[in-house]
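The next block holds one structure in the form of structure tokens; read it before the comments.
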Amino acid sequence: MTPEFYTIAAFEFVADVQILKGRLESDGIPVFLRDENTLNSDPLISNAIGGVKLQVYY
């Protein structure tokens, strides 16, 4: 089995997910925020693309 990223949560706003991202990274868990840059450039499309996804490496 090859390691890959798994989505564990989705958030409407990037600021909301930053708190959880910091907590996971401080515990040594690799994290990726999918669609973070897209929503930073145009936050009005958050609902259309399902928000920013919090993914962990496993």
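What follows draws every value from the coordinates through simple rules; no lab data is involved. Predicted model only: the values in this text are computed from it and were never measured. Note that each Cβ is placed from the backbone with ideal geometry, even for glycine, and that neighbours are counted across all protein chains shown.
State which residue is nearest to Gly50 (Cα to Cα) when the search covers only segment 17-36 and only residues that are of a type in the set (Asp, Glu) and surrounded by 14 or more Cβ atoms within 10 Å (Cβ to Cβ).
Per the criteria, the residue is Asp35.
If you take the residues in segment 37-55 that are within 24 Å of Pro3 (Cβ to Cβ) and touching a helix residue (DSSP H, G or I) at 6+ places or on another chain (Cβ under 7 Å), which one is surrounded by the most Cβ atoms within 10 Å (Cβ to Cβ)?
Ranking the qualifying residues of segment 37-55, first place goes to Val52.
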